[in-house]
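K.L.:
Following this message is one structure expressed as structure tokens.
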Amino acid sequence: MDRNELTYDRTRAQQWLAGKAHGDGMSRRSMLQLSAGAGLALSVSGALSGATASAADGPIVKPLPPELFEVYGTNAETRWEAMSGQGYLTPTDRFFVRDNTASPLIDAESWRLKLFGTGLRGAPNLANAVEFSYRDLRELPSESITAFIECAGNGRSFFTTQQSQTVSGTAWKLGAVGVARWRGVRLSTVLRRAGLTRDAVDVLPQGLDADYVTGGVNLGKVRRPLPVSKALQDVLLAYEMNGKPLLPDHGFPVRVVVPSWIGISAIKWLGQIEVSDTPLVSPWNTQFYRLLGPDYPAEGTVVTEQVVKSAFELPRDANFAGGRKHVLRGRSWSGNGRIKHVDVSTDGGVTWFRARPTSANADRAWLQWEFPWRPAKPGAYTLQARATDLTGATQPVEASYNTQGYLFGAIVRHPVTVT
Ligand SMILES: Nc1nc2c(c(=O)[nH]1)N[C@H]1C(S)=C(S)[C@@H](COP(=O)(O)O)O[C@H]1N2
Ligand SMILES: [Mo]
């Protein structure tokens, strides 16, 4: 996080405490508790809301074959071995799904996107919102981008397995990430047409899925504010993923794509966007998606960009025949921009050698790479990949602990067996 974001977050927290910001779903009292370092523990895994708009059987609509996914309640992660032999993009049928409640089935014909707020000319509240139909959006100039969407908690389980730390939330391995080709209309285009004023500071996209209820508290619709500066930079309102209309699980009819930022920013089943001339907050930037813990200020720091990560396209405990040449393949990505180089170790981190890049190297997506390996003796081995991005940021041996287990960017130890 750079200084601007730190300042941004501090200002908003202060304004909120001073009663100058607004946003429902969270009382000033709970924000004060949060400032006192008493953030609520969350238990995301398997949290199913009773009231769901979905007509599907389970929370996730698309098939989740066990060879492609590992399922945790309302969430499913891509198995990295299922990326082996695939092209640059994550095929939609194997793209991870993360639902706070359940995927709703939405009718695109009657769907409307509503924009309102004090940051728009002449649409101060929802009652006089500016509306766009699905067709309206499809008729605006379109843009396509290749970008990853990654959950802030991707890799969370390694806080426990590699660092013996207890964290709350879904115990993802490294499969809560995917790269897709997104097509849609720029959020800036829609904001300008809706009458964006110069005084606007924040936008708050909100989903149409069921209210999120946790610990007996209804936090309302899933929503997370974005500063106008990011909203105007490269945010897309996407209606296509990999050349097809979005699937219900990925936000049909329209979702937000916020390149390089954590997955929660990418609101699915977009229903409305509040545009405000005062800072906005929601539980998803005050209570969740903050770094909290002994190494952070009491109120925590907000999480925006992703960190550098790498994964092998292999199952855990993969088997290799000894005395033969194998090619290890993997992918690395970073929220700071493109990957500069990737180093691989097959001896538990003693020696490191450069991997060979095998794909395009895009700023907001990932780099594919390969590494030849001829294991001599049978036995247990630990594979490791360590990427460095264009800013020089590299993967550390240990990730910095935070209670909700976000941003696990450390080198992951991948156990394999040679027989
Ligand atoms: N409306 C809504 N948007 C949402 C969510 C949600 O539960 N509801 N989950 C968020 C989170 S935490 C992530 S990581 C991404 C996951 O996107 P995907 O399911 O398409 O992979 O969607 C985000 N957008
Ligand atoms: Mo997420």
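The values are calculated or read from the model by the stated rules, or taken from the named source; none is laboratory data. Since the structure is predicted, the reported quantities are computational estimates derived from the model, not experimental observations. So basically every Cβ, Gly included, is an ideal-geometry build from the backbone, and we count neighbours across all protein chains shown.
K.L.:
I'd like to verify a number: residues in the range 257-270 that are within 15 Å of ALA238 (Cβ to Cβ) and either away from ligand 2 (no atom under 16 Å from the Cβ) or not small (Gly, Ala, Ser) (or both), how many?
P.N.:
So the answer is 8.
K.L.:
Please go through the range 201-236 and pick out each residue that is within 16 Å of ligand 2 (Cβ to nearest atom), aliphatic (A, V, I, L, M), within 22 Å of PRO259 (Cα to Cα) and touching a Gly at 6+ places or on another chain (Cβ under 9 Å).
P.N.:
Across the range 201-236, the qualifying residue is only VAL222.
K.L.:
Something else: Take the conditions more than 10 Å from ligand 1 (Cβ to nearest atom), of a type outside the set (Ser, Thr, Tyr) and either surrounded by 23 or more Cβ atoms within 10 Å (Cβ to Cβ) or not assigned by TED's automatic domain parsing to the domain that holds TYR134 (or both) and apply them to ALA231. Does it pass?
P.N.:
yes
K.L.:
Among the residues of the range 51-71, which ones are at pLDDT 95 or above and surrounded by 15 or more Cβ atoms within 10 Å (Cβ to Cβ)?
P.N.:
First, pick out the residues of the range 51-71 that are at pLDDT 95 or above: 59-71.
Selection gives PRO59, ILE60, VAL61, LYS62, LEU64, LEU68, PHE69, GLU70.
K.L.:
Moving to a separate point now. Name the residue that is nearest to ARG364 (Cα to Cα), counting only residues in the range 135-156 that are away from ligand 2 (no atom under 16 Å from the Cβ) and either in contact with a Ser or Thr (Cβ under 9 Å, 6 or more places away or on another chain) or aliphatic (A, V, I, L, M) (or both).
P.N.:
So, considering only residues that are away from ligand 2 (no atom under 16 Å from the Cβ) and either in contact with a Ser or Thr (Cβ under 9 Å, 6 or more places away or on another chain) or aliphatic (A, V, I, L, M) (or both), the one nearest to ARG364 (Cα to Cα) is ILE145.
K.L.:
Looking only at residues that are within 14 Å of ligand 1 (Cβ to nearest atom) and outside any loop (DSSP other than H, G, I, E, B) in the range 80-122, which one is surrounded by the fewest Cβ atoms within 10 Å (Cβ to Cβ)? Give the steps one after another, and end with the answer.
P.N.:
Filtering the range 80-122 down to residues within 14 Å of ligand 1 (Cβ to nearest atom) leaves 89-106, 111, 113.
Subset that is outside any loop (DSSP other than H, G, I, E, B): 92-94, 97-98, 113.
Working: THR92: 17, ASP93: 14, ARG94: 20, VAL97: 24, ARG98: 25, LEU113: 22.
Top of the filtered list is ASP93.
Residue by residue, here is whether (1) more than 20 Å from HIS414 (Cβ to Cβ); (2) more than 16 Å from ligand 1 (Cβ to nearest atom); (3) assigned to a strand (DSSP E or B); (4) of a type in the set (D, E, K, R) holds:
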| site | (1), (2), (3), (4) |
| --- | --- |
| PRO124 | yes, yes, no, no |
| PRO141 | yes, yes, no, no |
| ILE145 | yes, no, yes, no |
| ASN154 | no, no, no, no |
| THR160 | no, yes, no, no |
| THR166 | yes, yes, no, no |
| GLY169 | yes, no, no, no |
| LYS173 | no, no, no, yes |
| ARG181 | yes, no, yes, yes |
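K.L.:
Okay, moving on. Scan the range 259-280 and give yes if some residue there is of a type in the set (A, V, I, L, M) and either assigned by TED's automatic domain parsing to the domain that holds ALA365 or away from ligand 1 (no atom under 13 Å from the Cβ) (or both), otherwise no.
P.N.:
Yes, because at least one residue in the range 259-280 is of a type in the set (A, V, I, L, M) and either assigned by TED's automatic domain parsing to the domain that holds ALA365 or away from ligand 1 (no atom under 13 Å from the Cβ) (or both).
K.L.:
Then there is this: Can you name the condition, by its number, that LEU174 falls short on among (1) more than 16 Å from ligand 2 (Cβ to nearest atom); (2) under 30 Å from LEU383 (Cα atoms)?
P.N.:
In the conditions (1) more than 16 Å from ligand 2 (Cβ to nearest atom); (2) under 30 Å from LEU383 (Cα atoms), LEU174 misses (1) alone.
K.L.:
If you scan the range 364-399, which residues turn out to be part of a loop (DSSP other than H, G, I, E, B) and buried (at least 17 other Cβ atoms within 10 Å of the Cβ)?
P.N.:
Scanning the range 364-399 gives ARG364, ALA365, PRO375, ALA393, GLN395, ALA399.
K.L.:
Working only within the range 166-214, note down all residues that are within 25 Å of ASP136 (Cα to Cα) and among the aliphatic types (A, V, I, L, M).
P.N.:
If the condition is that a residue be within 25 Å of ASP136 (Cα to Cα) and among the aliphatic types (A, V, I, L, M), then ALA180, VAL185, LEU187, VAL190, LEU191, ALA194, LEU196, ALA200, VAL203, LEU204, LEU208 are the ones that fit.
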